[in-house]
Amino acid sequence: MGRLDSKVIILTAAAEGIGQAAALAFAREGAKVIATDINESKLQELEKYPGIQTHVLDVTKEKQIDEFANEVERLDVLLCASGFVHHGTILDCEEKDWDFTMNLNVHSMHLMIKAFLPQMLAQKSGNSINMSSKASSINLVVNRCVYSTSRAAVIGLTKSLAADFIQQGIRCNCVCPGTVDTPSLQDRIQARPNPEEALSDFLKRQKTGRFATVEDVAQLCLFGI
Ligand code: NAD
């Protein structure tokens, strides 16, 4: 018996990194996983794992989300994991960077939760997990102005949902990882003018002397179910 036998779990941003690791961890525990992402080809790689089906979904598109929600008959857990890390202070952040980040990192969660919450309320049970970050209202992190703002907003959204719906059987939590070794982290390091120095700076900030792994964070998500 798996811990999640008979649970239906929908994940966003599940083709790579933390979302992918969480999808695999949930499926190993017996859940029926619906992994979604905008990246169709990467997403398809998950189809070979028992218990995982996939659905191409852009979490910034309300119409796509609503159509998808109408297709889903039941869900127990919604894990929203989409996000983009903009590098820089407020002075480096152009309007388009601000809008893109807030849209993908926060507004997408608002759209997903609004689409799926009515179903959870009808079932009188549900679990919503949002991906935030230590770079938020938790820690001071340099050069993460709009990212930290967006992740602090996710904490506010999560607490607000928990306060409003806990008495109707809905649990809502967020996960706030430190730096996690993912393809996007490696891309960000490579995009810095001096990648070696960037890697060393990132590592210096880790009290453990290492990055978290996607599996570490997947286990945290599992704990939250
Ligand atoms: P990531 O942020 O690089 O992206 C994961 C997936 O998001 C990709 O498969 C991508 O195709 C998908 N995606 C991008 N735009 C999308 C859209 N419009 N609709 C649907 N999917 C879309 O992966 P990651 O580094 O594993 O991070 C996952 C989450 O965890 C993010 O929200 C990130 O901010 C957060 N986080 C990451 C770290 C870290 O160090 N990597 C630390 C704390 C929090």
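Are there any helices (runs of 4 or more DSSP H) wholly within segment 117-225 with 1 or more residues that are modelled with pLDDT under 95 and within 11 Å of the ligand (Cβ to nearest atom), and if so which?
Fully inside segment 117-225 and qualifying: 183-191, 195-204.
Ile170 - would you say it is touching a residue at least 40 places away in the same chain (Cβ under 8 Å) and farther than 21 Å from Gly209 by Cα?
On the way: touching a residue at least 40 places away in the same chain (Cβ under 8 Å): yes; farther than 21 Å from Gly209 by Cα: yes.
The answer is yes for Ile170.
Could you grab me the full set of residues in segment 185-224 that are closer than 20 Å to Tyr147 by Cα, surrounded by 15 or more Cβ atoms within 10 Å (Cβ to Cβ) and in contact with a helix residue (DSSP H, G or I) (Cβ under 6 Å, 6 or more places away or on another chain)?
Ile189, Ala198, Leu199, Val214, Val217
Can you say whether Asp5 is among the charged types (D, E, K, R) and assigned to a loop (DSSP other than H, G, I, E, B), as far as the supplied structure shows?
Here the answer is yes, as Asp5 does meet what is asked.
Can you tell me which residue within segment 33-92, out of those that are of a type in the set (S, T, N, Q) and part of a strand (DSSP E or B), is nearest to the ligand (Cβ to nearest atom)? First the steps, then the outcome.
We begin by selecting, within segment 33-92, every residue of a type in the set (S, T, N, Q); these are 36, 39, 41, 44, 53-54, 60, 64, 70, 82, 89.
Of the ones still in play, those that are also part of a strand (DSSP E or B) are 36, 53-54.
Working: Thr36: 7, Gln53: 16, Thr54: 12 Å.
Ranking the candidates gives Thr36 first.
Looking at segment 26-49, I want the residues that are of a type in the set (Asp, Glu) and have a partner that is modelled with pLDDT of 95 or more and part of a helix (DSSP H, G or I) with Cβ atoms under 8 Å, at least 6 apart or on another chain. Which pairs are those?
Glu29/Leu222; Asp37/Gly19; Asp37/Leu43
Against the conditions (1) surrounded by 17 or more Cβ atoms within 10 Å (Cβ to Cβ); (2) free of Cβ contacts under 8 Å to residues at least 24 places away in the same chain; (3) among the polar types (S, T, N, Q), where does Thr149 fall short? Just the number, please.
With respect to (1) surrounded by 17 or more Cβ atoms within 10 Å (Cβ to Cβ); (2) free of Cβ contacts under 8 Å to residues at least 24 places away in the same chain; (3) among the polar types (S, T, N, Q), Thr149 is out only on (2).
Inside segment 162-178, can you point out the residues that are buried (at least 17 other Cβ atoms within 10 Å of the Cβ) and either under 16 Å from Gln119 (Cα atoms) or in contact with a Lys or Arg (Cβ under 7 Å, 6 or more places away or on another chain) (or both)? Can you show your working first?
Within segment 162-178, the first condition is being buried (at least 17 other Cβ atoms within 10 Å of the Cβ), and the residues that meet it are 165, 170-178.
Matches in segment 162-178: Phe165, Ile170, Arg171, Cys172, Cys176, Pro177, Gly178.
The values are calculated or read from the model by the stated rules, or taken from the named source; none is laboratory data. Being a predicted model, the structure only gives us computed values, none of them experimental. Every residue, glycine as well, gets a Cβ built from its backbone with ideal geometry; the counts of neighbours run over all protein chains shown.
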